[in-house]
Amino acid sequence: MKSMTSPATTAGRASTETGAGTDTVIEVSGLWRRYGRKDQAFDAVRGVSFSVRRGEIFGLLGTNGAGKTSTVELLEGLAAPSGGTVRIFGAHDPYRDRVTVRPHTGVMLQEGGLPTDLTAAESLRMWSGFTSDPGPVETALSVTGLGTRGDVLVKNLSGGEKRRLDLAMATLGSPQILFLDEPTTGMDPEGRRATWDLITSLKERGTTIVLTTHYLEEAERLADHLAIMNSGRIAASGTVAEIVAASPSTLSFRLPEGRTATDLPEPAVFGGGGSEEARVHTEDGTVHISTFDLQATATELLLWAREEGVALSELHARSASLEEIFLQIAAEPDAAEPDAADTAENRPTGEGGTR
């Protein structure tokens, strides 16, 4: 269920069983997950491919129903894929080789399903019996902010406290890979930030973390690399900076009476000499220029305005943001293109289950 706590005592076993020498610890290729049968079938995951490097935080971002949890459950080995492959520690299928993989992983599900008539401490003690080389229960409660709540029944914990207890259970065995499915849902701002600090400290100790979330701030704060999912596919991926850089910045302003956007220089002039021309459109009297070179475009616009003696009112310059990109992707029902690994061989046939 969870992994060992002492790297020194398990180094030999880790190197032989879990590919300690490999830099990529999770490799996903052309992954599909189908629910239902025949004409009732629904593909929740559709040809997804990505990799996760050792010691990084990989974020799966998307709205509810985008396919995040369905994808992570396949990585956790809770179900077999309908098509494609998952490899953990270089060579292991998490479903078929779960006896090898699961002792080195920790899982925080969206809902823990804990017995409500046990206390928080009793729940952890029970769980420690299923965990390889668990750490002290008191320590797990303390680091997750439940140090004074160990004697409280689970049913009397708040929603945020229950999520912290789920996290304590997932990290009880100091896993090499930690799967966190929307870990801060239901937490107040203080609890959310404390959890972020804990996740960051786990990463600093070498834990590889796969995180699903629909909180943009959480993804920006924690993830080294992101994949934004929509309708079961990956619509955008990379670092936050790479994803944002792939979308244009915007200049907006109003022209004085008697002037229109047709008076502006050609869009190619605003492009800054790059391969992408700026795009100009007017909406409700405001001119919008979309550009991949904000500085060059702003310079050309201001030089034109000075030469023409034109006053630009309500002038705003704004770089693209992760929020804008996320909302654009979410607004398009199926904007993502199939992944290169999404071949006919990987696609499921007929009904749900393994191809």
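With n ≥ 4 as the cut-off for DSSP H runs, can you work out [θ] at 222 nm for the chain, using -39500 (n - 2.57) per run divided by the number of residues, rounded to the nearest 500?
Working: 12 runs with 110 residues, N = 355.
Theoretical 222 nm ellipticity from helices: -9000 deg cm²/dmol.
Given the chain, what count of lysine pairs have C-alpha atoms under 28 Å apart, with each pair 8 or more places apart or on different chains?
Lysine pair count for the chain: 9.
Calculate the FRET efficiency for Ser252 and Thr139 from the Cβ-Cβ distance with a Förster distance of 45 Å, rounded to the nearest 0.05. List each step's numbers first, then the result.
Working: r = 53 Å, r/R0 = 1.18.
Approximately 0.25, to the nearest 0.05.
Once you put a point 7 Å from the Cα of Asp117 and another 7 Å from the Cα of Lys155, both along the Cβ direction, what distance in nm separates them?
The two pseudo-label positions are separated by 0.8 nm.
Ignoring ligands, DNA and RNA, how do Glu242, Glu257 rank by accessible area with a 1.4 Å probe, largest first?
Values: Glu242 110, Glu257 190 Å².
Final ranking, largest accessible area leading: Glu257, Glu242.
Just to confirm the number: angle between the C-alpha axis of helix 189-204 and the first principal axis of the chain, 0 to 90 degrees, nearest 10?
The angle comes out near 70 degrees.
Using a probe of 1.4 angstrom, how much of the accessible area of region 165-301 is carbon and sulfur, in percent? Each step should come with its number before you reach the end.
Details: 2720 of 5930 Å².
That fraction is 46 percent.
Leaving out ligands and nucleic acids, and using a 1.4 Å probe, what accessible area per residue does the chain come to in Å²? Walk me through the numbers before you get to the answer.
Values: 17100 Å² over 355 residues.
With all protein chains present, the chain gives 48 Å² per residue.
On average, how much area does the Cα convex hull of the chain cover when viewed from any direction, in nm²?
Numbers: hull surface 89.5 nm².
Averaging across all directions leaves 22.4 nm² for the Cα convex hull.
From the square roots a ≥ b ≥ c of the eigenvalues of the alpha-carbon gyration tensor of region 214-257, which class results: rounded (a/c under 1.5), prolate (a/b over b/c), or oblate?
On the way: a/c = 2.70, a/b = 2.18, b/c = 1.24.
Judged from the Cα gyration tensor, region 214-257 comes out prolate (a/c at least 1.5, a/b above b/c).
Taking N as the number of residues in region 146-257, what value does Rg over Cα atoms divided by 2.2 N^0.38 Å take? Mind showing how you got there, number by number?
Values: Rg = 18.4 Å, N = 112, 2.2 N^0.38 = 13.2 Å.
Compared with the compact-globule rule of thumb, region 146-257 sits at 1.39.
Hey, what angle do you get for helix 159-170 against the long axis of the chain, alpha-carbon based, 0 to 90 degrees rounded to 10?
Approximately 60 degrees, to the nearest ten.
I'd like to compare 315-325, 50-60: which one has the highest average count of other Cβ atoms within 10 Å, and what's the full order after that?
Values: 315-325: 14.8, 50-60: 19.8.
Highest-to-lowest ranking by the protection proxy: 50-60, 315-325.
What order, most packed first, do the peptides 190-202, 79-91, 169-181, 277-289 have when packing is the mean number of other Cβ atoms within 10 Å of each residue?
Numbers: 190-202: 16.8, 79-91: 20.9, 169-181: 25.2, 277-289: 15.0.
So the order, starting with the most tightly packed, is 169-181, 79-91, 190-202, 277-289.
With angles folded into 0 to 90 degrees, how steeply does helix 294-308 sit against the dominant principal axis of the chain? Use alpha carbons for both and round to 10.
So the helix axis and the longest Cα principal axis differ by about 20 degrees.
The values are calculated or read from the model by the stated rules, or taken from the named source; none is laboratory data. Quantities reported herein were computed from a predicted structural model and do not represent experimental measurements. When we count neighbours, we look across all protein chains shown, and the Cβ atoms used for this are built from the backbone with ideal geometry, even at glycine. Heads up: the accessible areas ignore ligands, DNA and RNA and are worked out on the full protein's heavy atoms, side chains in. Shrake-Rupley method; radii C 1.70, N 1.55, O 1.52, S 1.80 Å.
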